[in-house]
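A quick write-up on the structure given underneath.
The values are calculated or read from the model by the stated rules, or taken from the named source; none is laboratory data. Quick caveat: nothing in here was measured; it's all calculated off a predicted structure. Cβ placement follows ideal geometry from the backbone for every residue including glycine, while neighbour counts extend to all protein chains displayed. Ligands, DNA and RNA are stripped out before the accessible areas are found, and what is left, the full protein with its side chains, is counted by its heavy atoms. Shrake-Rupley method; radii C 1.70, N 1.55, O 1.52, S 1.80 Å.
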Amino acid sequence: MVCISSRSPNAERMLRKAARLADRLNAFWYVVYIKTPREELSRIDAATQRQLANTLTLAQHLGGTAMPFSGRDVASTIAAFAREYGITHVVVGRSQRPWYRRLFGQSVLDRLLQLLPDVDVLVCSQ
């Protein structure tokens, strides 16, 4: 499973990594996008919407299944999906949040590691 955001700068690389990993494991793979209230269509620009649509289309061309969801808590929604589908590997990108915002709460990655202790989480570089 690969997790993307609407502004993932390295989404294509993450998708290709996930496709190769799934191929080696002979497994199905999913692309999960969690639309938060801050990412409602009326709140994000057209270029970002186009980029997200292109990313989900690329995922399907590479053999993945795009799974867009809505939710307030990204990490909890991803963890619920992973448990429901028996996911063993999760591919995520590095956080784009500024360092000072990370001081005031856990990142999505930190929460995923807590919520999914039996799942391998791979972090892609920039």
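Quick look at the numbers
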{"read-out": "Any pair with Cβ under 6 angstrom, 6 or more apart, that starts in segment 44-61 at a residue that is within 19 Å of Ala19 (Cβ to Cβ) and ends at one that is open to solvent by less than 60 Å² (accessible area, probe 1.4 Å) and in a helix (DSSP H, G or I)", "value": "Thr55/Ala11; Leu58/Leu15; Ala59/Leu15"}
{"read-out": "Leu58 over 21 Å from Val121 (Cβ atoms) and in contact with a helix residue (DSSP H, G or I) (Cβ under 8 Å, 6 or more places away or on another chain)", "value": "yes"}
{"read-out": "Qualifying positions in segment 16-44 - more than 21 Å from Val123 (Cα to Cα), open to solvent by less than 90 Å² (accessible area, probe 1.4 Å) and not in a helix (DSSP H, G or I)", "value": "Thr36, Glu40, Ile44"}
{"read-out": "Filter result for Ala47 (modelled with pLDDT of 90 or more and not in a strand (DSSP E or B))", "value": "no"}
{"read-out": "Looking only at segment 75-88, and only at residues there that are part of a helix (DSSP H, G or I) and touching a Phe, Trp or Tyr at 6+ places or on another chain (Cβ under 8 Å), the one that is farthest from Asn10 (Cα to Cα)", "value": "Tyr85"}
{"read-out": "Where Arg72 falls short, out of the listed (1) modelled with pLDDT of 85 or more; (2) in a helix (DSSP H, G or I); (3) more than 26 Å from Arg24 (Cα to Cα)", "value": "(2)"}
{"read-out": "Some residue of segment 52-64 being part of a strand (DSSP E or B), surrounded by 12 or more Cβ atoms within 10 Å (Cβ to Cβ) and touching a strand residue (DSSP E or B) at 6+ places or on another chain (Cβ under 8 Å)", "value": "no"}
